[in-house]
Each structure stands twice: as C-alpha cells, then as structure tokens.
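Everything on this sheet refers to the single structure shown next.
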Amino acid sequence: MNVLGLVVEYNPFHNGHLHHLNNAKSLVNSDYVVAVMSGNFVQRGEPAIIDKFSRTEIALKMGIDIVFELPFVYTIQDASGFANGAIGVLERTGVVSDLVFGSESADIKGLSQISDILINQPKEYKKTLNRYLKEGLSFPNARKYALNDYFTQISEEKEIIEKLEKSNDILGLEYLNALKLYDSKIKPQTIKRIGVNYNEEQYTGEISSATAIRKIIEDENIEKVKDALPDVSFNILKREIALKKGPVFLEDMRDMILSKLRMMNRNELSKIDGVKEGLDRRFLDCSKVSSTVNQLLMCVKTKRFTLTRIRRTLLKIFFDLTESEVQLYNKYGPQYLRVLGFSKKGQTLLGQIKKVSKYPIITTPSRYKRIYHKLSDESLSSNKKFNSIPEIFLKQIEYDFIASNIYSLLYKDRKYSIYEPDKVTKVLIHED
C-alpha cells in the first residue's frame with residue numbers, strides 16, 4: 001500500500017499546490033494521500049488567511065484523504081522545528097510510505113548529502129561553523145557558509161549556497177534531517193517547484209505565489225486572483241470572506257500584540273523562544289513608538305533578524321511559548337494525531353492508523369481530558385498502549401485550543417468569535 005504524505009499550509013490553496021498534489025500522487029502511484037497541515041497560524045509567523053476548517057474542506061475536495069493538524073507549537077517555529085513536528089505526525093501515523101515535497105532545486109541527492117553533514121557533524125564542518133558564529137553571523141548564515149566551505153573541500157558541488165538560500169530547499173533539507181532523527185522508513189522524494197519564488201509579491205496570473213495572492217486579497221480585490229486558484233479554493237475563500245470570517249491578517253492582532261508587549265518586561269521576554277541578542281530590548285522599545293504591527297516589525301527588523309523570524313518570535317511572545325517548552329516539544333515530538341477531516345475513502349485508512357499508531361488519534365477534541373487521564377494511568381502501568389507523555393500531550397493540545405480561541409476573535413463578524421471552537425466544530429467528512 002502506497003500512502004503519500006504531504007506537509008502543507010494551503011494559505012490559500014492555489015494552482016501551484018494543485019500541480020504539486022497531482023504530480024506527487026503520480027510519482028508514488030499513491031493509494032491514499034495524507035496531509036499534515038498548519039492550523040490557524042502558519043510558519044511565516046501570522047494567522048492563516050481563512051481558518052483551518054475551511055482550508056481542510058478545500059484540501060479534501062481537491063483529493064486529500066486525511067488532513068491532520070500540525071500542533072501549534074511546531075507551526076510557528078523555524079524550518080527545523082516546523083519539520084520536526086510535521087514529519088513527526090506523518091511518521092506516527094504508522095502508515096505513510098512516501099514523502100513528496102516541492103523544492104527549487106529538485107535535487108534529492110544533493111539535499112540528502114547536505115543533510116548527512118548536518119546530522120553527522122564532521123569535525124571540520126563543526127570547526128568552521130564555530131568560527132563563523134564567533135565572527136557574529138546568525139546561525140543560518142554561519143551554517144550556510146560552513147557547509148559551502150566544507151563541500152568546496154570534499155566535492156565539486158557548485159550550487160550549495162543556492163540550496164541553502166531558497167525557501168523550499170531549506171524546508172526540504174529540514175524534512176530530510178527530521179526523517180533521519182526519527183529513524184523513519186518514509187521515502188523522501190521531491191518535485192521541482194514551478195513558477196515564481198515563494199516570497200514573490202508580484203502577481204503573475206495562473207501560477208502566482210501565495211504571498212502575491214494574499215497581498216491582492218488584503219487590498220480587497222479577490223476577483224483578481226480567481227485565475228490563480230482552483231474553482232473549489234476560490235469559491236470557499238470567497239464564501240468565507242462573504243461571511244466575514246476572513247480574510248485574516250497579522251495586522252488584525254494589532255491591539256492584542258501591542259497591549260501584550262507594553263505590559264511585559266525584559267526578564268519575561270528573555271524566557272521566550274527566539275528572544276536573543278538584544279531582541280528583548282528592541283521589542284520593548286519599538287512597542288512604545290509603534291501604532292501598527294507593521295511599524296513594530298520594521299522597527300525591530302535588522303540585517304541579522306529577518307521579518308519572518310521577527311513575526312514568528314512575535315507570536316511566540318504573544319502566546320508565551322518559552323525556550324524550555326520548545327526544547328521539550330522538539331525532543332519528544334508530537335504527542336497525538338489530531339484529525340481535521342477525511343474523505344469516505346480516507347475513513348478506511350484512518351481505521352488502519354488507529355490499529356497501528358502508538359499515539360492517540362483525536363477526532364473529538366472535547367474528550368482530550370479523558371485521553372490525558374488514560375495516558376496518566378498508563379504511565380503508572382506496565383501495560384501501555386500509547387507512547388505519549390501525558391504532561392507534554394496536555395500542553396501541546398491546550399496550545400492548539402488557545403490558538404483557535406485567539407483566532408476566532410479575528411473574524412470580521414463577531415458572532416463567530418466563540419470560545420473554544422475546536423471543541424464544538426466537528427471533524428469534516430467529505431463524501432467522495
């Protein structure tokens with residue numbers, strides 16, 4: 001049985017995603033397609049343009065059989081943490097046979113060679129990395145130059161820098177690292193990304209980046225992006241906007257974010273994951289002179305800190321995600337498989353997953369306390385069904401609930417701003 005695993009955000013689902021999905025299915029001759037998808041917040045460090053249930057509905061109608069939610073605590077991490085969580089979910093289904101990701105280079109061999117260096121940490125590489133770090137370079141840049149120097153010595157690889165500068169190549173590399181760390185048997189493959197760059201802001205018609213599409217939607221010109229989205233995606237996106245449940249943007253959190261920062265001190269900030277090298281002072285000082293989120297971001301931004309990193313760190317600050325917590329989550333991986341939706345066909349596979357997975361399958365989140373107590377009882381018994389760690393399970397899933405509680409406050413129509421929407425919204429079932 002060939003089960004294709006995908007890591008997605010679909011923010012929103014566009015023609016490039018459809019190209020990837022169709023080609024990935026053909027590449028592995030898949031019997032089923034399983035996707036792990038970011039929830040209401042995405043890896044760029046901002047809220048998703050429409051909520052996770054609407055994006056799940058699109059995914060199911062476009063041919064995904066099961067959509068699992070990537071726990072929030074991984075969603076707003078850097079590429080390494082994001083991949084750790086996503087691959088952890090796919091691995092812990094116990095059924096995924098293949099991973100297919102998009103990349104700029106489409107060079108799985110080259111990316112695997114780089115991954116081997118990062119996992120094995122040869123002496124010369126580590127020495128060079130430490131030298132660059134001592135020179136004051138950020139870790140991503142230090143790693144990039146150290147890898148380039150190392151490969152220059154051992155091979156004729158000429159495009160190493162390019163593979164460490166393109167967004168999807170970087171993420172693909174982290175998927176490979178995570179597969180090795182989990183000692184996974186999932187086979188990785190890659191498809192060349194088509195069209196424009198991931199962060200391209202210029203709208204280019206049928207094949208446009210999600211960044212460009214979101215920018216046009218933010219300018220309230222949704223009809224203009226119709227050619228860039230499959231009909232299913234466009235219609236659901238348009239429906240959510242008509243209902244005033246979208247579009248949602250980081251700027252919508254302006255009052256929440258500035259209020260939070262203006263009530264904090266440097267000691268509190270220093271405990272948050274990613275707040276290093278003077279960022280605590282920059283966030284506090286900039287919060288006093290900024291009246292919008294964008295002004296805050298541009299004030300905090302430096303050559304050393306990219307906007308994406310600052311956005312992610314800002315969300316970690318807002319949600320009180322500490323460094324010690326993140327280290328714990330990355331050490332032990334996702335503690336459950338949260339199902340957002342499945343097709344009738346996927347229901348059969350879900351039954352198989354329930355038989356083989358060593359982690360709780362959550363289809364009714366309101367029962368999470370029962371699962372927690374069951375895990376706690378198991379931890380005292382020699383007769384274990386699950387490998388989940390009770391306290392980490394509880395922290396991870398409650399972060400998901402908190403994220404959804406905050407997101408619901410961002411809807412344009414306040415009647416949708418209910419408390420704990422995760423506990424009342426049913427798993428989506430798509431009739432094939």
* Quick one: count up the residues across region 277-333 that are in contact with an Asp or Glu (Cβ under 6 Å, 6 or more places away or on another chain), under 21 Å from residue 140 (Cβ atoms) and open to solvent by less than 10 Å² (accessible area, probe 1.4 Å). => 2
* Taking residue 261 and the conditions (1) under 18 Å from residue 215 (Cα atoms); (2) in contact with a Cys (Cβ under 9 Å, 6 or more places away or on another chain), which numbered condition does it fall short on, given that it satisfies the others? -> (1)
* Asked: Only one of 206, 240, 218, 223 is within 27 Å of residue 76 (Cα to Cα) and either open to solvent by 30 Å² or more (accessible area, probe 1.4 Å) or aromatic (Phe, Trp, Tyr) (or both); which?
  -> 218
* To do: Return yes when residue 58 is part of a loop (DSSP other than H, G, I, E, B), within 20 Å of the chain's Cα centre (by Cα), aliphatic (A, V, I, L, M) and within 27 Å of residue 344 (Cβ to Cβ) and no when it is not.
  => no
* Please find, within region 385-405, the residue that is surrounded by the most Cβ atoms within 10 Å (Cβ to Cβ) out of those that are charged (D, E, K, R) and assigned to a helix (DSSP H, G or I). => 400
* Residue by residue through region 124-143, note down the ones that are in a helix (DSSP H, G or I) and at pLDDT below 85. => 139, 140, 141
* Can you tell me which residue among 357, 408, 382 is open to solvent by 30 Å² or more (accessible area, probe 1.4 Å) and among the small types (Gly, Ala, Ser)? => 382
* Filter result for residue 21 (out of contact with any strand residue (DSSP E or B) (no Cβ under 6 Å at 6 or more places or on another chain) and either modelled with pLDDT of 95 or more or assigned to a helix (DSSP H, G or I) (or both)) -> yes
* residue 100 is checked against (1) in contact with a helix residue (DSSP H, G or I) (Cβ under 6 Å, 6 or more places away or on another chain); (2) open to solvent by less than 20 Å² (accessible area, probe 1.4 Å); (3) not in a strand (DSSP E or B) and fails just one. What number does that condition carry? -> (3)
* To do: Name the residue, out of 266, 254, that is open to solvent by 10 Å² or more (accessible area, probe 1.4 Å), in contact with a helix residue (DSSP H, G or I) (Cβ under 9 Å, 6 or more places away or on another chain) and closer than 18 Å to residue 412 by Cα.
  => 254
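The values are calculated or read from the model by the stated rules, or taken from the named source; none is laboratory data. Owing to the predicted nature of the structure, the values given are computational and were not obtained by experimental measurement. Backbone-built Cβ (ideal geometry, glycine too); neighbour counts: all protein chains shown. Areas reflect the complete protein model, heavy atoms only, side chains present, ligands, DNA and RNA absent. Shrake-Rupley method; radii C 1.70, N 1.55, O 1.52, S 1.80 Å.
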